[in-house]
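Inspection log for the structure reproduced underneath, given as structure tokens.
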Amino acid sequence: MGNANILVAGSANLDFVVRAAHVPAPGETVLGRELAVFPGGKGANQAVAAARAGAADVRMLVALGDDAFAAQLEAPLRDAGVDASIVRIAASASGSAFICIADDGENSITVAPGANMHLAPEHLPAFGAASHLLMQLEIPLASVHAYAQAARAAGVKVVLNAAPAQVLPRGLLDNVDVLIVNEGELAMLAGGHGGADLSMQCKALGVCCVVVTLGARGALVWRRDQPMIEHPAFAVDVVDTTGAGDVFCGVFTAELAGGVTLEVAMRHAAAASALACTKLGAQSGTPTRVELDRFLADRAQ
Ligand code: RIB
């Protein structure tokens with residue numbers, strides 16, 4: 001591993017996953033199949049993906065409760081080689097998520113944030129050698145904003161995955177270097193500006209670089225006054241798309257920190273994200289560097 005170093009500040013949730021014929025409609029009860037429990041949370045999924053990709057050393061700022069879930073969330077971070085700065089929240093449950101995966105691949109997720117919502121501005125550790133700070137929106141928005149401001153002041157690049165979609169505090173995007181969103185999140189942030197045109201929506205946000213993930217259609221990078229970069233998705237046999245976007249964000253950021261071009265970072269992130277869809281559980285299919293390189297070599301032929 002080189003000297004590249006990133007800090008992820010975000011959530012960890014224990015995911016309770018049930019497969020069913022379809023996702024319940026409002027008011028409906030669906031009889032699903034067996035329950036499976038996996039480590040998840042957008043922050044932890046991204047940190048694990050970044051660490052397994054091996055392009056950068058990864059630290060994570062995360063808040064855990066004082067319950068039995070905490071150990072189940074800590075172990076996969078440690079196993080992946082993530083250096084975790086854990087804030088222990090007394091008398092709080094750790095984060096959890098309740099996920100229904102339909103046979104057609106659609107999913108619905110409800111998060112009980114627990115300790116994640118106690119991650120406060122004063123918990124931010126020193127950036128040290130980190131060149132990039134990667135965040136999502138499953139911790140308090142005030143903390144995301146404060147961490148982004150601190151990173152900008154320290155010359156650390158801020159990568160924000162604005163998920164789950166929500167209205168952002170005024171000024172937050174001014175401190176973001178790379179914004180990663182799906183189409184729904186982009187439309188919400190653009191607030192009607194740009195109509196249905198993705199590049200106009202990106203332009204309306206005022207961020208220099210916007211990455212839009214497009215699910216089975218791949219992803220694109222929009223940059224002010226520069227040509228758009230598009231990358232198709234790799235075709236795989238999909239078992240579970242939960243966390244695929246997180247794997248994209250983690251690998252993309254680690255690769256950027258490692259100094260590759262945007263094109264290469266996109267290709268590696270798209271490959272890792274495709275592999276993540278081949279197993280049940282948000283972190284289960286996240287590839288190691290060896291698995292990622294083998295997949296890329298196979299697909300290059
Ligand atoms: O992006 C997928 C993640 O969203 C799941 O792991 C779940 O915990 C929620 O945070």
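The values are calculated or read from the model by the stated rules, or taken from the named source; none is laboratory data. As the structure is a prediction and not an experimental result, all values here were calculated from the model. Because the Cβ atoms are built from the backbone with ideal geometry, glycine has one as well, and the counts that use them run over all protein chains shown. Quick note on the areas: whole protein, heavy atoms, side chains included, nothing else; ligands and nucleic acids left out. Shrake-Rupley method; radii C 1.70, N 1.55, O 1.52, S 1.80 Å.
Results, tabulated for the structure shown:
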read-out: Candidate set: region 164-175, residues that are part of a loop (DSSP other than H, G, I, E, B) and touching a helix residue (DSSP H, G or I) at 6+ places or on another chain (Cβ under 6 Å); chosen: the one surrounded by the most Cβ atoms within 10 Å (Cβ to Cβ); value: ALA165
read-out: Among the residues listed as ARG19, ARG78, the single one being closer than 17 Å to GLY250 by Cα and charged (D, E, K, R); value: ARG78
read-out: Close pairs from region 200-214: first on the phi < 0 side of the Ramachandran plot, partner among the acidic types (Asp, Glu) and buried (at least 17 other Cβ atoms within 10 Å of the Cβ), Cβ under 8 Å, at least 6 apart; value: VAL207/ASP177; CYS208/ASP177; CYS209/ASP177
read-out: ALA272 within 15 Å of the ligand (Cβ to nearest atom) and in contact with a Pro (Cβ under 8 Å, 6 or more places away or on another chain); value: yes
read-out: Qualifying strands (runs of 3 or more DSSP E) (wholly inside region 44-159; at least 2 residues being among the polar types (S, T, N, Q) and either open to solvent by 40 Å² or more (accessible area, probe 1.4 Å) or farther than 14 Å from SER11 by Cα (or both)); value: 107-112
read-out: Scope region 26-43; condition open to solvent by 50 Å² or more (accessible area, probe 1.4 Å) and within 16 Å of the ligand (Cβ to nearest atom); matching residues; value: LEU35, VAL37
read-out: Residue in region 199-220 that is within 24 Å of VAL167 (Cβ to Cβ), assigned to a loop (DSSP other than H, G, I, E, B) and out of contact with any helix residue (DSSP H, G or I) (no Cβ under 7 Å at 6 or more places or on another chain) present; value: yes
